[in-house]
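A short worksheet on the structure shown next.
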Amino acid sequence: MQRLLFAYLALLTFTSASLADDQENCRKNRGPAAISACDRIITSSESSVKSVGTALIDRGQQHYENKNYDKAIADFTRAMTYNPPYVQLAYGNRGNCYYMKEQNDIAIEDYTRAIEIDGQYVAAYTARGLLYEKAGKIKNARADFEQALESKSIFSDTKWGHETARDHLKKLNSE
């Protein structure tokens, strides 16, 4: 009985360590091995709801970077049902996919939802501002670019959001 209990505990420890490795690889790495790590998290019965949602966002981001927009949209949409931390990224990133597919109205809806969740989401303001500018809604574009510049987000695309908003606002104000 003790051997069986020891084997079970060893298996649990190994599973936890493997899951932790997969979470690290899924989040920080790129390429097929990282996508496989995300797949294992998503399909593991040991994964928490939070980790499945986060892995879906991470895998979706990789699909986006590989220009597999439909796969990315599917992952971001599925992630939303898990309501993981930073669910605003699922909306913002899905908006990016629709932006790339030139489905601008849907992209604006996703950026708006991301902003409703996180009023400091710089990149969502900037991206939505770009779409408003493209549609000729200059007042809306200006408002989004100004809000982007006032906001302070924790995400890695904040620098892009600030620089792009600043450049476009300068251009709009000189016209």
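The values are calculated or read from the model by the stated rules, or taken from the named source; none is laboratory data. As the structure is a computational prediction, the values presented were derived from the model and not from experiment. In this analysis, Cβ positions are derived from the backbone assuming ideal geometry, glycine residues included, and neighbour counts consider all displayed protein chains. Quick note on the areas: whole protein, heavy atoms, side chains included, nothing else; ligands and nucleic acids left out. Shrake-Rupley method; radii C 1.70, N 1.55, O 1.52, S 1.80 Å.
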Taking θ as phi - 60°, what are the ³J(HN,Hα) couplings along segment 28-38 by the Karplus curve (6.51, -1.76, 1.60), each to the nearest whole Hz, with x for Gly and Pro?
9, 9, 10, x, x, 5, 5, 5, 4, 4, 4
The chain, accessible surface, carbon-and-sulfur percent (1.4 angstrom probe):
52
Counting just the Cα atoms, what span does the chain cover along each of its three principal axes? Round to the nearest Å and put the largest first.
79, 29, 25
Straight-line reach from LYS101: which lysines have Cα under 18 Å away, leaving out those fewer than 8 places along the same chain?
LYS67, LYS71, LYS134
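Show that you can apply the helix-only estimate: for the chain, add -39,500 (n - 2.57) for every DSSP H stretch of four or more residues, divide by all residues, and state [θ] at 222 nm to the nearest 500.
-26500 deg cm²/dmol
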For ARG40, tell me the accessible area in Å² from a 1.4 Å probe, rounded to the nearest 10.
110
Setting aside same-chain residues fewer than 8 positions from LYS152, which aspartates and glutamates have a Cα under 16 Å from its Cα?
GLU116, ASP118, ASP144, GLU163
So between TRP160 and ARG30, what do we pick up on full extension, going 0.36 nm a residue minus the alpha carbon distance?
44.7 nm
Sorted on mean Cβ neighbours within 10 Å (highest first), peptides 155-166, 27-38 come out as 155-166, 27-38
Could you tell me how far the Cα centroid of segment 23-59 sits from the Cα centroid of segment 142-160, in Å?
28
Apply the Karplus curve 6.51 cos²θ - 1.76 cosθ + 1.60, θ = phi - 60°, to the phi angles in segment 55-65 and return the couplings in whole Hz, x for Gly and Pro.
5, 5, 5, 5, 5, x, 4, 5, 4, 4, 4
Under a point spin-label approximation (7 Å from Cα along Cα-to-Cβ), what is the SER18-LYS152 distance to one decimal in nm?
4.4
Among all cysteines in the chain, which have no other cysteine Cβ under 4.7 Å from their own Cβ?
CYS97
Work from the charge dipole of the chain (Cβ charges, +1 for Lys and Arg, -1 for Asp and Glu, about the Cα centre) and give the residue of TYR69, ILE35, SER153 farthest towards its positive end.
ILE35
What ³J(HN,Hα) values, in whole Hz, does the Karplus curve 6.51 cos²θ - 1.76 cosθ + 1.60 give for segment 49-54 when θ = phi - 60°, with x put for Gly and Pro?
4, 4, 6, 5, x, 5
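With charges set only on the Cβ (+1 for Lys and Arg, -1 for Asp and Glu), what does the dipole of segment 93-175 come to about its Cα centre, in debye to the nearest 20?
Rounded to the nearest 20 debye, it is 140 debye.
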Nearest 20 debye, what's the magnitude of the dipole of segment 57-132 about its Cα centre given +1 on Lys and Arg Cβ and -1 on Asp and Glu Cβ?
140
Point-charge dipole on Cβ atoms (K/R +1, D/E -1) for the chain, about Cα centre, debye to 20
100
If you line up the long axis of helix 138-150 against the longest principal axis of the chain, both from Cα atoms, how many degrees apart are they, to the nearest 10?
50
List the aspartates and glutamates whose Cα sits under 15 Å from the Cα of LYS28, skipping any in the same chain fewer than 8 residues away.
ASP39, ASP58, GLU65
